[in-house]
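What follows is a set of notes on a single structure, which appears directly below.
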């Protein structure tokens, strides 16, 4: 059994492609990312698309995604359509499809237009000599403030999930990806500063972000800096502790 939904704009050109996505995906070797999930660039009807194949979930989530909550592919499509409706740049969704066996979700795919870009936000965040670095980071803070003003909270707001496209006169456009985990809710300053903790940036970079954000939000700059550093350090401490615990138990088993 399959379930799918396609953007009405692409229904005529992409419905057969979507229904046969497993074949198209397996026959294509243009992988651009392969870890837990895999992304490939696949051209269809002279249109470049990005197809994201989600890892088959564990048995509990196979049931949960089938009956209790939407799959990651479905959420990616719905969130993408919502973002575009709100005027936020993200690769335009084409559709998603889910494959079931015995009532449980197995494979799922999300398809969007391919978004050309020049670099990821991680490059200016981490490279101190990156050209126009501070301006880019400040504009990224402005972009994020705009998301928050629209009640958009990207739960995987990492350094690899924002595409940067330079424009004229020192301006930059930003497009967000990996959008299956999002919330649409009011965002106060504390939650706003927490949203930057997965960037894994250093303190001086976070300070640039906090200052730019505070100016836009018309809040105390010092308070914003303290909050952004607090949330950054809290996540880094949590991750380090988890690594230590995993290493301990791994050593016990050997």
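Bear in mind that the values in this text are calculations on the coordinates, not laboratory data. Just so it is clear, the structure is predicted and the values come from calculations on it, not from any experiment. Neighbour counts run over all protein chains shown; Cβ positions are idealised from the backbone, glycine included.
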| said: If you average the alpha carbon positions of region 202-247 and of region 147-174, how far apart do those two centres end up, in angstrom? | reply: 18
| field | Helix 72-85 axis, angle to the chain major axis (alpha carbon atoms, nearest 10°) | value | 60
| field | Average Cα contact separation per residue, region 159-244, under 8 Å, 6 or more apart, as relative contact order % | value | 25
| request: May I ask you to derive the FRET efficiency for residue 119 and residue 13 from their Cβ-Cβ distance with R0 = 41 Å, giving the value to the nearest 0.05? | output: 0.85
| query | Where a ≥ b ≥ c are the square roots of the eigenvalues of the C-alpha gyration tensor, would you call region 119-241 rounded, which needs a/c under 1.5, or, failing that, prolate if a/b is larger than b/c, or oblate? | reply | rounded
| Which value in deg cm²/dmol, rounded to the nearest 500, describes the helix-derived mean residue ellipticity at 222 nm for the chain, given -39,500 (n - 2.57) per DSSP H run of n ≥ 4 and division by the residue count? | -14000 deg cm²/dmol
| Order of 15, 244, 90 from fewest to most other C-beta atoms within 10 Å? | 244, 15, 90
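Determine the gain in length on full extension of the stretch residue 43-residue 169; use 0.36 nm per residue of separation and subtract their C-alpha separation, reporting nm with one decimal.
That works out to 42.1 nm of additional length.
Rank these for me by crowding, 175, 26, going from fewest to most other beta carbons within 10 Å. Can you show the working numbers first?
Details: 175 18, 26 10.
Going from least to most buried by this count: 26, 175.
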| Neighbour-count order for 242, 36, 181, fewest beta carbons within 10 angstrom listed first | 36, 242, 181
| field | Relative contact order (percent, whole number), region 1-127, Cα cutoff 8 Å, 6+ residue spacing | value | 28
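Set the Förster distance to 41 Å, then compute FRET efficiency between residue 101 and residue 126 from the Cβ-Cβ distance, nearest 0.05.
Approximately 0.45, to the nearest 0.05.
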| note | For residue 59, placing the label point 7 angstrom along Cα-to-beta-carbon and taking region 72-106, residues whose amide nitrogen sits under 14 Å are 104-105
| Which length gain, in nm to one decimal place, applies between residue 244 and residue 89 when the Cα-Cα distance is subtracted from 0.36 nm times their residue separation? | 51.9 nm
